[in-house]
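Scroll down for the structure; my scribbles are underneath it.
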Amino acid sequence: MLEVGTKAPDFTLPDKNGNQVSLSDFWGKKVVLYFYPRDNTPGCTRQACAFAQNYGAFQEKNVVVIGISKDSVASHLKFAQKYELPFVLLSDPELQAIQAYGVWQEKKLYGKVGMGVVRSTYLINEQGMIEKVMPKVKPDTNAAEILAYLAGE
């Protein structure tokens, strides 16, 4: 995982509509960059819906929300439509950003060990520097924790 005070690695990935989006497109704004394992799984759905429910609060603070997983563009489109997700979802099947941010790690699931995306969130400031690192976040509280941090709580 990257550390607070590190320059956030730039990347360019396709969004749910196939448009190329770069992190640097958002310099000048704070960015919540959250990495999650898979579309349409229970935890990832709860996390995405929590961000969607709080999206207005992020917009009021001029904060961009970006979710990244290795799912396909088509998967992201279905996921976003099904749950009315108003924020940016980026597809990273080649693990470009996922590896650059150190969230591709060994995981244990039901006694099996394999590589996968560890649910993690970064807050990137207006100058493109990492302001906050949240490893192994809980899907239900992640959005609220970031809003509390942004409010100085």
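Region 1-72: which chymotrypsin sites (Phe, Trp or Tyr not before Pro) are DSSP loop and have at most 16 other beta-carbon atoms within 10 angstrom?
Values: sites: F11, F26, W27, Y34, F35, F51, Y55, F58; in loops: F11, W27.
Answer by residue number: W27.
Taking region 50-127, how many lysine pairs are there with alpha carbons less than 26 Å apart, if each pair must be eight or more places apart or span two chains?
Values: K70/K78; K70/K82; K70/K107; K70/K108; K70/K112.
Pairs that pass both the separation and distance tests number 5.
Test of the criteria: in region 33-121, which GluC sites (Glu not before Pro) are in a DSSP loop and have at most 16 other Cβ atoms within 10 angstrom of their Cβ? Write out the running numbers ahead of the final one.
Working: sites: E60, E84, E94, E106; in loops: E84, E94.
Qualifying residues, ordered by number: E84, E94.
What percentage of the solvent-accessible surface of the chain, computed with a 1.4 Å probe over protein heavy atoms, is contributed by carbon and sulfur atoms?
Roughly 50 percent of what the probe reaches on the chain is carbon or sulfur.
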Neighbour cut-off at most 16 other Cβ (10 Å), DSSP loop, chymotrypsin sites (Phe, Trp or Tyr not before Pro), region 66-121: Y110
Over what distance in Å are the Cα centres of region 67-87 and region 115-153 separated? 19
In Å, what is the Rg of the alpha-carbon atoms in the chain, and how long is Dmax? 14.3, 44
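Based on the alpha-carbon gyration tensor of region 54-94 and its eigenvalue square roots a ≥ b ≥ c, which shape applies: rounded if a/c is under 1.5, prolate if not and a/b is larger than b/c, or oblate?
Values: a/c = 4.31, a/b = 1.73, b/c = 2.50.
Oblate, since a/c reaches 1.5 and b/c is not below a/b.
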Would you kindly find the accessible area of M115, with a 1.4 Å probe and non-protein molecules such as ligands, DNA and RNA excluded, rounding to the nearest 10 Å²? 110
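The values are calculated or read from the model by the stated rules, or taken from the named source; none is laboratory data. Note that this is a predicted model, so its numbers are computed, not measured. In this analysis, Cβ positions are derived from the backbone assuming ideal geometry, glycine residues included, and neighbour counts consider all displayed protein chains. What goes into the accessible areas is simple: the full protein's heavy atoms, side chains included, and nothing from ligands, DNA or RNA. Shrake-Rupley method; radii C 1.70, N 1.55, O 1.52, S 1.80 Å.
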